[in-house]
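Read through the structure below, which is laid out as structure tokens, and then see the notes.
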Amino acid sequence: RLLVATDHGEVLVIEGTELRMTMHVTNGGEGIHCLEVFSKGFLCGCDGGLLKICERSDDVKELYKCVKTFFIGGNLEPVVNIAVSPSEDTLVCTTGNNQIYSFSLSNTDILKEEAT
């Protein structure tokens, strides 16, 4: 599978030469600046300090669904880079104003508090 992000807040899922799905990841059409794949799905870094977690879906028509949304530290700058540790317990991201943030992905209580 190939994931392609757009500056209109969409992720295109392509298999082979076929477009399988168009996901509208952001509600307001915020641009997506980076994608990072991990074992359960992928992460999107968007305008306005927005970080989205999308996971695989069991639904054949909907290959992925966005399950959590975060705003990075009250920062309105775009999230421009994302990295996940090999053990997938830590997420590091940078923003357009050269700030770096690190989060523990193993603490699911924190993740649930900001879920949308």
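Computed from the coordinates by the stated procedures, all read-outs in this text should not be read as laboratory data. Computed from a predicted structure; not experimentally measured. Cβ: placed from backbone, ideal geometry, glycine included. Neighbour counts: every protein chain shown.
In the chain, a dipole from Cβ-located charges (positive for Lys and Arg, negative for Asp and Glu) runs towards its positive end, and of GLY16, GLY31, LEU105 it is GLY16 whose Cα lies farthest in that direction.
Net charge dipole, the chain: roughly 140 debye, given to the nearest 20, about the Cα centre with Cβ charges of +1 for Lys and Arg and -1 for Asp and Glu. Largest GNM mean-square fluctuation among LEU35, LEU76, LEU19, using the chain with Cα springs under 10 Å: LEU19. Here ASN81 and VAL60 are evaluated by their C-beta separation; at R0 = 25 Å the FRET efficiency comes out at 0.15. Scanning the chain for GluC sites (Glu not before Pro) lying in DSSP loops with no more than 14 further Cβ atoms inside 10 Å, the longest uninterrupted stretch between such sites is 1-61.
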